[in-house]
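Reading through the structure tokens given below for one structure.
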Amino acid sequence: MATDQTRTAILVAAERLYAERGFSDVTLRDIVAAANVNLAAVNYHFGSKDELIAELFVTRSIALNRERLRELREAEDAGGGRAEISAILRALVGPILRGCLGPENQRSPVAQFMIRASIESVPPIRRIKTKEIDHLRKFAGAMRRALPDSAEVDLFWGLHFALAMAHHTIRESERLTKLSDGQCDLDDVEDVIDRVVRGAVLGLTARVPAAKSAPKVAAREAR
């Protein structure tokens, strides 16, 4: 088998097995058996199981983030350089929700792998998530332009919560379907995106009333 074909066969087999069984239950021997290669080929191309996982996650993340940034550019171009906050958040959460929800996507190895990556905390993926944040800075900048009167810290929290809602919806889709007796239709992906975006926008734009002074503070001021 040619070198490129060997590398591809390893990646395809690893992604499918990780998607089906999770990261901890799959060994390198499982992968080489499924790819019909020898263990030396995995060591040659990737060096270790962690490096193989990292390669898969980076490949999928690059495609996801490219789509996010494409949608963000389109939203900003349509707004003359300043997109609506709802359009920005839709570009942020839409691609991951479209990629992981829906009857066809939920069964695909790519979607299942990304869901596993979201659920299971493995060191190589944690390191990549912590390091690769440049695309999120672009979203934070767009949010700043959309909501110039908002505190920067609130925008970062808003971005974080929008991502959290999307990932939690993906992880717990089965439980939500059961809890709602099927009323929450996770197959209607665009409706799910709308709901996540509306919730995130409300969190960013709601006016929080000023906190009342604590009684003991008021008492001190009265002295």
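The rows are residues; the columns are (1) farther than 23 Å from HIS167 by Cα; (2) within 20 Å of the chain's Cα centre (by Cα).
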{"residue": "ARG7", "(1), (2)": "yes, no"}
{"residue": "ILE10", "(1), (2)": "yes, no"}
{"residue": "ALA14", "(1), (2)": "no, no"}
{"residue": "GLU20", "(1), (2)": "no, yes"}
{"residue": "ALA41", "(1), (2)": "yes, no"}
{"residue": "ARG60", "(1), (2)": "no, yes"}
{"residue": "ARG66", "(1), (2)": "no, yes"}
{"residue": "ARG70", "(1), (2)": "no, yes"}
{"residue": "ALA78", "(1), (2)": "yes, no"}
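Restricting attention to the stretch 106-126 and to residues that are among the charged types (D, E, K, R) and under 15 Å from the mean Cα position of the chain (by Cα), the residue that is nearest to GLU55 (Cα to Cα) turns out to be ARG126.
All conditions but one from (1) at pLDDT 95 or above; (2) of a type outside the set (Val, Ile, Thr); (3) under 29 Å from LEU176 (Cα atoms) apply to SER61; the one that does not is (1). For the stretch 85-107, a residue qualifies if it is exposed (fewer than 15 other Cβ atoms within 10 Å of the Cβ) and in a loop (DSSP other than H, G, I, E, B), and the qualifying residues are PRO103, GLU104. Every test in (1) under 18 Å from the mean Cα position of the chain (by Cα); (2) modelled with pLDDT under 90 is passed by PRO103 save one, and that test is (1). For the stretch 117-126, a residue qualifies if it is out of contact with any Asp or Glu (no Cβ under 9 Å at 6 or more places or on another chain), open to solvent by 20 Å² or more (accessible area, probe 1.4 Å) and in contact (Cβ under 8 Å) with a residue 24 or more places away in the chain, and the qualifying residues are SER118, ILE119, GLU120.
In the set ALA162, ALA111, only one residue is of a type in the set (A, V, I, L, M), part of a helix (DSSP H, G or I), touching a helix residue (DSSP H, G or I) at 6+ places or on another chain (Cβ under 9 Å) and at pLDDT 90 or above; that residue is ALA162.
You will find that of GLU152, GLU174, GLU132, the residue that is surrounded by fewer than 13 Cβ atoms within 10 Å (Cβ to Cβ), at pLDDT below 95 and not polar (S, T, N, Q) is GLU174 and no other. Can you find a residue in the stretch 71-80 that is over 30 Å from THR27 (Cβ atoms) and in contact with a Pro (Cβ under 9 Å, 6 or more places away or on another chain)? Within the stretch 71-80 (the criterion being over 30 Å from THR27 (Cβ atoms) and in contact with a Pro (Cβ under 9 Å, 6 or more places away or on another chain)), the answer is yes, since at least one residue qualifies.
The selection criterion, being of a type in the set (D, E, K, R), open to solvent by 40 Å² or more (accessible area, probe 1.4 Å) and part of a loop (DSSP other than H, G, I, E, B), holds for ARG82. Among the residues of the stretch 177-191, just one is hydrophobic (A, V, I, L, M, F, W, C), open to solvent by 30 Å² or more (accessible area, probe 1.4 Å) and outside any helix (DSSP H, G or I), namely CYS184.
On the stretch given as the stretch 28-64, residues that are open to solvent by 60 Å² or more (accessible area, probe 1.4 Å), over 20 Å from THR3 (Cα atoms) and free of Cβ contacts under 8 Å to residues at least 60 places away in the same chain total 2.
Summed over the stretch 1-27, the residues that are surrounded by 16 or more Cβ atoms within 10 Å (Cβ to Cβ) and touching a residue at least 24 places away in the same chain (Cβ under 8 Å) give a count of 11.
The values are calculated or read from the model by the stated rules, or taken from the named source; none is laboratory data. This structure is a prediction, so every number in the text was calculated from the model and none was measured. Note that each Cβ is placed from the backbone with ideal geometry, even for glycine, and that neighbours are counted across all protein chains shown. Surface accessibility is based on the protein's heavy atoms, side chains included, excluding ligands, DNA and RNA. Shrake-Rupley method; radii C 1.70, N 1.55, O 1.52, S 1.80 Å.
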